[in-house]
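Notes for the one structure printed next.
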Amino acid sequence: GMEALSGTIFRPNVLFLTLPTEKSLQKELDEVIEAAEGLNLAVALFVHHPKAGLGRRHIINVWIGDHGPNWDIKMRLENLDISLLLAYRLCQSWDGELNLIVAVDQKKSEDKAKKFLGQLSEAARLPGNTKVLVADGDFGRYSSKAPRADINFFPLGERLDAEFMIKMRDQTDSACLFSQDSGTESALA
């Protein structure tokens, strides 16, 4: 289907998927994501929370990996553009609040990370009520302490790691969306 639609005039640029519960299907999903990457499609993989669903549909967390040591804003943000664009659109639709959370490995990087988030928020023209937070450590260690959200956006790793995705869903106690850029979108354009 992806290959057939790639030849149309208004071809899709994002492939939306849901993480299946069966492990055999999860392995097949990895192949689908790889094929989407080859066709320059962004991927958004939704991990549903069985009890919380989408909660009150108000608060959105966008998790950003360590961009150190330089913490430079570039036109193409590594695996972050589609997350920011989708979160921004969802924030508008929900009349919600947006939190940008960056995980830093070294304490000395916190100030640079906060400055990066402020510049990113301004350059991407995010809503004025956007909050920026710096997490000490990695996503897994900080996720249970993070501000409560109705949906959390995470970058999709090189390989599909269903266990990590389910762990993040359970630790944040909310639905999660893992995304991978196609390379054609820009949150700063």
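Below, the figures for the structure above:
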{"read-out": "Placed amide H near residue 64: partners under 5 Å, 5+ positions off or other chain", "value": "101, 102, 103"}
{"read-out": "Computed magnitude of the charge dipole of region 26-111 (debye, nearest 20; Cβ of K, R +1, Cβ of D, E -1)", "value": "420"}
{"read-out": "Carbon/sulfur fraction of accessible area - the chain, other protein chains in place, 1.4 Å, %", "value": "50"}
{"read-out": "Mean separation of Cα contacts under 8 Å, 6 or more apart, over the residue count of the chain: relative contact order %", "value": "32"}
{"read-out": "Of 28, 37, 122, the one that fluctuates the most in a GNM where the chain has Cα springs shorter than 10 Å", "value": "28"}
{"read-out": "Coordinate range along principal axes, alpha carbons of the chain, Å, largest first", "value": "46, 36, 33"}
{"read-out": "Principal axes of region 99-141: Cα extent on each, largest first, Å", "value": "28, 19, 12"}
{"read-out": "Residue-normalised accessible area of the chain, given per residue in Å² at a 1.4 Å probe", "value": "54"}
{"read-out": "Selection of trypsin sites (Lys or Arg not before Pro), region 145-183, meeting DSSP coil and at most 16 other Cβ within 10 Å", "value": "145, 148, 159"}
{"read-out": "Around residue 108: net Lys/Arg minus Asp/Glu count, Cβ-Cβ under 15 Å", "value": "-1"}
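The values are calculated or read from the model by the stated rules, or taken from the named source; none is laboratory data. These numbers come from a predicted model, not from an experiment. Reconstructed Cβ throughout: ideal geometry from the backbone, glycine too, with neighbour counts over all protein chains shown. The protein model used for the area step is the full one, side chains on, heavy atoms only, and it has no ligands, DNA or RNA in it. Shrake-Rupley method; radii C 1.70, N 1.55, O 1.52, S 1.80 Å.
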